[in-house]
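What follows is a single structure, written as structure tokens, with notes after it.
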Amino acid sequence: MEAGYLAAFTTGLLGGFGHCTGMCGPIVASYTLYSTASLFDRLLSAVLYNAGRITTYMFIGALMGLTGSFVNVAGSMAGFQGIVAVVAGLFMIIMGLNISGFMGHALSLEGHSGIIFKAGAYVMMEKSRWRYFPLGALFGFIPCGLSYSVFIASAGTGDFLSGMFVSLLFGLGTVPSLLLVSAASAYIGGALRGFLYKTAGGILVIMGILFLVRGIRHYAEM
Amino acid sequence: MKSKSLLILRLIILSLWFAAERTYAGMDLQEDCMINSGPCIREIKNDGIKVILDMYPKPVSAMKDIVFHVTLTDKGGPVTDASVMVDLTMPGMFMGTNRPVLTHTGRGEYEGRGVIQACSHGGKTWRAEVRITRQDKTASVSFIFGVE
């Protein structure tokens, strides 16, 4: 089993740079670019976001290990995962529009939108830096082929704790790459602020639309 | 300030291009195994072992329990002393390690269960590398197939 733990961590580490930065990097970049806090606060936000994400992985891994079935648990979560991917897409679009200056404030949508916009706006307007933990926990549910491979391994352990530990190690393995994206975004955000910030916001909107399409497609295919 | 920002922008674009090139290289591979039409056959070079791969239930779908069935024959006779594993990978996209192990069920037939995970960017082409270990020697054959 030790080899399985090592494999999970290695999968996270290697996949983090080859897979996560491309698939989930835009989310990390969006909240880092959005923030006007200090570099330290932005990196702390990234740590909290990752902690939330890993907590969700542990929860799913434990559930997989407990039931011993990947297909049953994944099937039960599929609808919710699709919704989370759509929420992530909307989140990125809102952040992108805000950064670009095309939308005054996320809360301006509150009056004429649904609960998802309200929740998203609340999370982003909440002053506490701890808001990034629940955000990471929520977005940890985004459907991801790489994490599925680890959840299959978690289910294969047939044990609550082992399943949770496999997913924990995977999550920890993905942290360096996503922290690097956060650090780069924080630096770039500072450098581009007031110059090419509209471009950065535009890129986030495009990425958000891609996430939205992915989420809708995932939901439709279930 | 302006030249520094432009330099950073160029670096970002170069990095994104490099990442995209690395990520999506090989995604245009053509399927060479129509698994939903029936089993696919390969022969191990220099060894003469015939490998027949099948999967069911059909149509083969992601996120479903799949039975992987491999039949091995050597000069017409069944190969009963091999260790068989299927290494599932997605061309051009790292999707972690997914290797269902197959056990011998008799007459050179090997069977095991696994799951092919869904890819959120929509990719549906997978490679199954069947690895056969016999007398400390490992050989493999590759099948590129599509999932629903």
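The values are calculated or read from the model by the stated rules, or taken from the named source; none is laboratory data. Since the structure is predicted, the reported quantities are computational estimates derived from the model, not experimental observations. No Cβ is skipped: glycine too gets one built from the backbone with ideal geometry, and neighbour counts run over all protein chains shown. Quick note on the areas: whole protein, heavy atoms, side chains included, nothing else; ligands and nucleic acids left out. Shrake-Rupley method; radii C 1.70, N 1.55, O 1.52, S 1.80 Å.
Observations, loosely collected:
- Portion, in percent, of the accessible area of segment B:53-127 that falls on carbon or sulfur, probe 1.4 Å: 51 percent
- In terms of distances greater than 21 angstrom between alpha carbons, the cross-link table entries B:Lys75/B:Lys137; B:Lys45/B:Lys124; B:Lys58/B:Lys137; B:Lys58/B:Lys124 yield B:Lys45/B:Lys124; B:Lys58/B:Lys137.
- In this calculation the C-beta distance from B:Arg131 to A:Ser128 is compared with R0 = 51 Å, giving a FRET efficiency of 0.50.
- For segment A:145-158, 3J(HN,Hα) computed residue by residue from phi via the Karplus equation (6.51, -1.76, 1.60; θ = phi - 60°) reads x, 5, 5, 4, 4, 6, 5, 4, 5, 4, 4, x, 5, x Hz, glycine and proline entered as x.
- Partner shielding of B:110-118 amounts to 4, given as the average count of beta-carbon atoms from other chains within 10 Å of each residue beta-carbon.
- Averaged over peptide A:9-20, the number of partner chain Cβ atoms lying within 10 Å of each residue's Cβ comes to 3.
- Annotation note: trypsin sites (Lys or Arg not before Pro) in segment B:25-85 located in DSSP loop regions with a Cβ neighbour count of at most 10 within 10 Å are B:Lys45, B:Lys75.
- Other protein chain Cβ atoms within 10 Å, averaged over every residue that makes up A:69-78: 2
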